[in-house]
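Colleague: Below: one structure in structure tokens.
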Amino acid sequence: MIKISKINALFRRIGELQIQHRYAVLFIFIIITAVCSAGLVKFKIANSSEGWYGSGDQLRINKNRYESVFGNSNSLGILVCADDVFSEEILTLIQNLGDRMMAEIPYADKLTSLIEVEIPVGNEEGFEVVKPYEKGIPSDPEALAERKKFIMRGTGKTNALINSLVNEKGTETWITLSLLPLEGDADEESLEIGYAFDDILHSPEFNSDSFKLYGTGQYYADAQEEKYEFPDYALRVALGFIVMVICLIIFVRSIAGVVIPSLATLGAIASVLGGMAYFGVKADSSLITLPILLGMALSIGYSIHYINMFRLFYNRTGKRIESAVSTVEECGWSVFFTVLTTVASLISFALVDMKPVSWVGTTACLIVLAVYLYISILIPVFLSFGKDSVPNTKFEKGATRVDMAFSRWADVVQRKLFLIIIVSVLVLGACIPGIMRIEVKYDALKTTGIKLPHTKELVQLIKKDLGVQYSYTVMIAYGEDDIDIFKQPEQMNKLVEFEDFLGQLSLTKKSGDKPRVDSVLDILREMNRALNEGQDEFYTVPDDEYVLAQLIELSNIDMHKDFSDVMDDEFRIVSIGVDMSNYQSEEAVENVRAINAKLAELFPDAQCCILGDMIEFAEMSSRMVRGEIKSFLFSFVVIAIMLILAFSSLKTGLIGMIPNIAPVILIAGFMGYIGYYLDYVTMTVMPMILGIAVDDTIHLTTHLKYGLEKHGSYKLAMEASFREIGKSMFMTTAILCAVFSVYIFSPMNYILIIGVLCVLGLAGALAADYTITPALLYLIKPFGKEKNKE
Amino acid sequence: MRKISLLCAGFILVLGTALYAQDANEIAKKVHDLPDGKTSYSEVTLTLLDKNGKSRVREVATYNMKDGTTDKSITVFRSPKDVAGVSYLSFDYPDNPDGSPKDSDSWLYLPAMKKVRRVSGSSKDDDFQGTDFTYDDIGDRALGKDTFAIIGDDTVDGRSCWKLEYTAKDKNAKISRRVLWIDKETYVTYKGEYFDKQNKLFKTMVCEDIREQDGYWTTGKMTMTTIPTNHTTVYEVKEIKYDTDINPSFFTVSALERGQVK
């Protein structure tokens, strides 16, 4: 085992220095805190538009490539639902909404709605691009009916608008606003756009019982998240802080013991978040509370260690400065070691190539380290101020009844050794089928839950004929040497085949019988029909190369705005949009695989990529599995190495790991049985619990080792260990659970789930340390034979 | 006394504004009515540059003729080869007596289909042939669509210019405000800035190679850049002839149908 005495001597030296230069230390901390905290002015939260993937990620590169050709991939939409969307009232509403959207929403580019729609029409006389309501919305019922008949002519198969812009019953219609590329800070501007849209959507003039409006679009979702979800994050942090203060009041019972750790914790967290803001690091919106609450929870534990140790020395000696130095000497290494194990588990998140997870890993590590530094340096410094007093040993407590009960529990464990091991194996074994049932899946709605107003609306929207929650885009890009390649009928026929293929995929949304797939083919078919006297048999893509080439050029010129959304100006890149019916992770992965195979078959020489929800979620699923395994294994190996080094014994180190896997198995089994998905939120819990749970194992094993040296018998050593630290193990776990329990009352599902899993994991870890850890230590006797000093 | 001073000041202000407004209207009218010949023939290269610097070139020939108050024109694509021969015939009419614009008549000839189709419904606010110019930018925007104001003076290419502001009467117009730099001597436009509904700069125009040819002021090169997309179109007049002999029968649907105009 590492020579603790040498390490303690080092920490004593540190303690002496920090007390000796306490004014300088305080001054430095105040300056650091002030400077770093000032960075909070620059503190920004990245919203969902930024996505889960970094700038070097292939998914992001593909998105940038798409946007360099087709512009902003985000748009805003309003689904208008009414008895008849072709009535004068609703058409006026659509016009007014559109006018306000174009006038008030920054970066507004192009509006698509029943009022704005341009329909190429052919007749015997010629070819015409008709805007049905260009000369105003008629009041005359006959004129209204005539225009409705014109727009709804044909069926979904021969009319691109039916079941796309408007449903076949004429009760739902979309107003869509495409946007220009953003120029400044994407997070700020997306919120500005989202709020401008929200203002329009919820203004009193658009509130009526005769229609219902549903807003969609990523920027709108960002604003809604900030509006409805951020207040809950603030509430969770505030509640966490209150719980922290209550815990300190209960366990420390002095003003200084409450105020100093509270201020130190706030200072540490503010400094880290402010410091990160200086470097332009944006916080992740969904996981922002996790490192903050973790920092608070751990700081209570560290503070209690330092304050109680100080009291012990101070009561014994009556000398403040000496007591403060001794506190650092005694607590320094043990607390620092638990910090190291926690950091080791958290840093493993940095290995996951998803921004929210890597952000939470980095931030939590920095916060834990900062909290440790603030607590371990400031508490002894503050406690060293004041007058000395006479020693007062009457406050030194002997073992209480509770301590003795814990001591007796050690005896019970020894007597029921095999029963405990069998029960533990059975309980953990029962978790295995649950683990097999864990679904790797991200579902935004299920993650957030449906208790908040914006998610309630989303649920209603999805149920509509035209309602869509998820969509994706396929981009087929030929190289610069292949200009005009899509003017070849062969390529266009392949595109037709590919579009049909996409329409048949299991996750493709269908409105009526019509798959929601949009591409340049719709425009070409409409134009071809319009140029051929409006005859429906020409609602096709022509086979003749010369005709096709001119049709494409003409479409590009005459319907440039619509055309430029789906094909580039060199006619070598196309974009195909697909709306999804729902999201199932396994199906998504399967669909993505099928799409890639089809693309390779039809367009082997093109660079093809899938963008949007489908690929992001499918990719997320696989990255979550890889990330979880990588992160968990990393923390497991690092913590095992640390235990092996700490105990200077391979056997003890590995045995120490066994009880710590137990809570992880428990969490995973619980997730499987209860139906929690493994997603980027829940995947952070397991390595974190491993890092925290191992602390008690270290304490227990270390005490057992000392006890064995002192008493010579495992039984007596275990009884002594439980008597000395059994209660404090319970206390620290209770504090951690209390802090994380503030999550359980959140209206957002994923916050609630983190709370449940953390509390379960921590309780499971404590149970394991009360049962499996002592049982294994009894059984394996890692510190050699008993000397029987009894 | 004080009241009289205020009244005088107010009167001068009102009179000054009226005079200034009158000047602006006059200037706008003179710009609009700059002579460009009874007929003209030009060959134009349109170079479209995207934000990545990639360019596409289209070559067109245009024939123009004034027939009474009607402006007749034919645009024939020369390249790219897929669209060579595609032609547009257009008749533009003066504004209605109430100042509202009157719809133009247009026909399209597609050699691949060997058909002429009547084209209607396209607005002058639309892009001109998929470029950064609108039909209004290329042609003469009806005076009735805007109100005018002189917002300053400036010098461009050594020419003393008025900064003439055109504000669209249509509140829903995509371009709500144009500022054009008008040469005080010739009334030729030297540059322009176009603002969207939120008064953000949306497009810029630079005019070059401005020369007098056959007694008519001619702009040889216009570069229009759309700011949000960073897309540019360069409109270069390669050849232009004024008052040249153009067969009036060119400007007919039947001539278009026979593919007579090349």
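Colleague: Please name which of B:I246, B:T226, B:S42 has its Cα lying farthest along the dipole of segment B:2-258 towards the positive end, using unit charges on Cβ (Lys, Arg +1; Asp, Glu -1) and the Cα centre as origin.
Modeller: Going by the Cα projections, it comes out as B:T226.
Colleague: Nearest 10 degrees is fine. How inclined is helix A:613-647 to the longest principal axis of chain A, computing both from alpha carbons?
Modeller: 10
Colleague: Using only Cα atoms, locate the centre of segment A:87-156 and the centre of segment A:264-317, then give the distance between them in Å, rounded to an integer.
Modeller: 59
Colleague: If the viscosity is 0.890 mPa s and the temperature 25 °C, what translational diffusion coefficient in µm²/s does Stokes-Einstein give for segment B:2-258 when Rh comes from Kirkwood over Cα pairs? Walk me through the numbers on the way to the answer.
Modeller: Details: Rh = 20.0 Å.
Calculated translational D: 123 µm²/s.
Colleague: Amide H of A:T540: which non-local residues (sequence gap of 5 or more, or other chain) have their own amide H closer than 5 Å, using H built in the peptide plane?
Modeller: Counting only residues 5 or more places away or on other chains, the set is A:R529.
Colleague: At 20 °C and 1.002 mPa s, what whole-number value in µm²/s does Stokes-Einstein give for the translational diffusion of segment A:177-300, with Rh from the Kirkwood sum over Cα pairs?
Modeller: 121
Colleague: Let me ask you something else. Just going by the charge dipole of chain B, with Lys and Arg at +1 and Asp and Glu at -1 on Cβ, which of B:V188, B:G215, B:P97 is farthest out on the positive end?
Modeller: Farthest towards the positive pole: B:P97.
Colleague: Expressed as a rounded percentage, what relative contact order does segment A:692-790 have, with Cα pairs under 8 Å and six or more residues apart?
Modeller: 35
Colleague: Can I ask one more? Percent relative contact order of chain A, based on C-alpha pairs within less than 8 angstrom and at least six residues apart?
Modeller: Computed value for chain A: 18 percent relative contact order.
Colleague: Here's another thing I want to ask about it. I need the GluC sites (Glu not before Pro) found in segment A:82-144, filtered to DSSP loop residues with at most 13 other beta carbons within 10 Å of theirs.
Modeller: For GluC sites (Glu not before Pro) across segment A:82-144 that sit outside H, G, I, E and B with at most 13 neighbouring Cβ atoms in 10 Å, the list reads A:E124, A:E125, A:E134.
Colleague: For chain B, what does the helix formula give at 222 nm: sum of -39500 (n - 2.57) over DSSP H segments with n ≥ 4, over the residue count, nearest 500 deg cm²/dmol?
Modeller: Per the formula, -5000 deg cm²/dmol.
Colleague: Which loop-located trypsin sites (Lys or Arg not before Pro) does segment A:99-197 contain, where loop means any DSSP state but H, G, I, E or B and the Cβ has at most 14 other Cβ atoms within 10 Å?
Modeller: Those satisfying the criteria are A:K135, A:K157, A:K169.
Colleague: For segment A:313-416, how big is the tail of P(r) above 23 Å, as a whole percent of Cα pairs?
Modeller: Value for segment A:313-416: 56 percent of Cα pairs lie more than 23 Å apart.
Colleague: Output the antiparallel fraction of DSSP beta bridges having both residues in the protein assembly as shown, as a percent to the nearest 5.
Modeller: Looking only at bridges with both residues in the protein assembly as shown, the antiparallel portion is about 95 percent.
Colleague: Along segment A:15-23, what does the Karplus equation 6.51 cos²θ - 1.76 cosθ + 1.60 (θ = phi - 60°) give for ³J(HN,Hα), rounded to whole Hz, x for Gly and Pro?
Modeller: Values, residue by residue: x, 4, 5, 5, 7, 4, 10, 5, 5 Hz.
Colleague: I would also like to ask the following. State log₁₀ I(q)/I(0) for segment A:500-570 at q = 0.13, 0.16, 0.27 Å⁻¹ as given by the Debye formula over alpha-carbon point scatterers of equal weight, solvent excluded.
Modeller: With one equal scatterer per Cα and no solvent, log10 I(q)/I(0) is -0.43, -0.63, -1.17.
Colleague: Return the ratio Rg/(2.2 N^0.38 Å) for segment A:714-754, where Rg is computed over Cα atoms only. Could the numbers behind the result be given before it?
Modeller: Working: Rg = 16.2 Å, N = 41, 2.2 N^0.38 = 9.0 Å.
Ratio of Cα Rg to 2.2 N^0.38 Å: 1.79.
Colleague: Also, quick follow-up: Helix-only mean residue ellipticity at 222 nm, chain A, DSSP H runs n ≥ 4 weighted -39,500 (n - 2.57), per residue, nearest 500. What is it?
Modeller: -21000 deg cm²/dmol
Colleague: Quick check on segment A:653-790: take the gyration tensor over C-alpha atoms, sort the square-rooted eigenvalues as a ≥ b ≥ c, and tell me if it's rounded (a/c under 1.5), prolate or oblate.
Modeller: In terms of gyration-tensor shape, prolate.
Colleague: What is the Rg over Rh value, at two decimals, for chain A, using alpha-carbon atoms and the Kirkwood definition of Rh?
Modeller: 1.09
Colleague: Using a cut-off of 22 Å between alpha-carbon atoms, which lysines can reach B:K102, once sequence neighbours fewer than 8 places away in the same chain are excluded?
Modeller: Here the lysines satisfying the reach criterion relative to B:K102 are A:K131, A:K135, B:K29, B:K30, B:K38, B:K66, B:K72, B:K124, B:K145, B:K169, B:K171, B:K174.
Colleague: Scan segment A:451-557 for trypsin sites (Lys or Arg not before Pro) in coil per DSSP, keeping those whose Cβ has at most 10 other Cβ atoms within 10 Å, and list them by number.
Modeller: Listed in order of number, the matching sites are A:K463.
Colleague: Evaluate peptide A:545-554: per residue, the Cβ atoms of other protein chains within 10 Å of its Cβ; return the mean as an integer.
Modeller: 5
Colleague: Measuring from the lowest to the highest alpha carbon on each principal axis, how far does segment A:173-247 reach, largest first, in angstroms?
Modeller: Taking max minus min along each principal axis of the Cα atoms, segment A:173-247 gives 55, 38, 17 Å.
Colleague: Quick one: in segment A:435-484, what % of C-alpha pairs are over 12 Å apart?
Modeller: 76
Colleague: Enumerate the amide H contacts of B:K115 below 5 Å, restricted to partners 5 or more residues apart or on another chain; note that Pro and chain-start residues carry no placed amide H.
Modeller: HN-HN under 5 Å from B:K115: B:L110.
Colleague: On to the next question. Using only the alpha-carbon atoms of segment B:182-255 as identical scatterers, what base-10 log of I(q)/I(0) does the Debye formula give at q = 0.27 Å⁻¹?
Modeller: Here log10 of I(q) over I(0) equals -1.18.
Colleague: Students often forget the sequence filter, so: which aspartates and glutamates lie under 15 Å Cα-Cα from A:K710 once same-chain residues fewer than 8 apart are removed?
Modeller: A:E719, A:E724, A:E786, A:E790
Colleague: With an 8 Å cut-off on Cα pairs and a minimum separation of 6 or more residues, tell me the relative contact order of segment B:2-258 in percent. Show your work: numbers first, answer last.
Modeller: Values: 526 pairs, mean separation 50.9, N = 257.
Normalised by residue count, the contact order of segment B:2-258 is 20 percent.
Colleague: May I ask for the angle, rounded to the nearest 10°, between helix A:255-278 and the longest principal axis of chain A, with both axes built from Cα atoms and the value confined to 0 to 90°?
Modeller: Result, in degrees: 40.
Colleague: Quick one: Debye curve from the alpha-carbon atoms of segment A:720-790 only, equal weights, vacuum; give me log10 I(q)/I(0) at q = 0.16, 0.18, 0.25 Å⁻¹ to two decimals.
Modeller: -0.67, -0.77, -1.06
Every number in this text was worked out from the coordinates using simple rules, so none of it is lab data. All values reported here derive from a predicted model rather than from experimental measurement. Quick reminder, even Gly has a Cβ in these numbers, built from the backbone with ideal geometry, and neighbours come from all protein chains shown.
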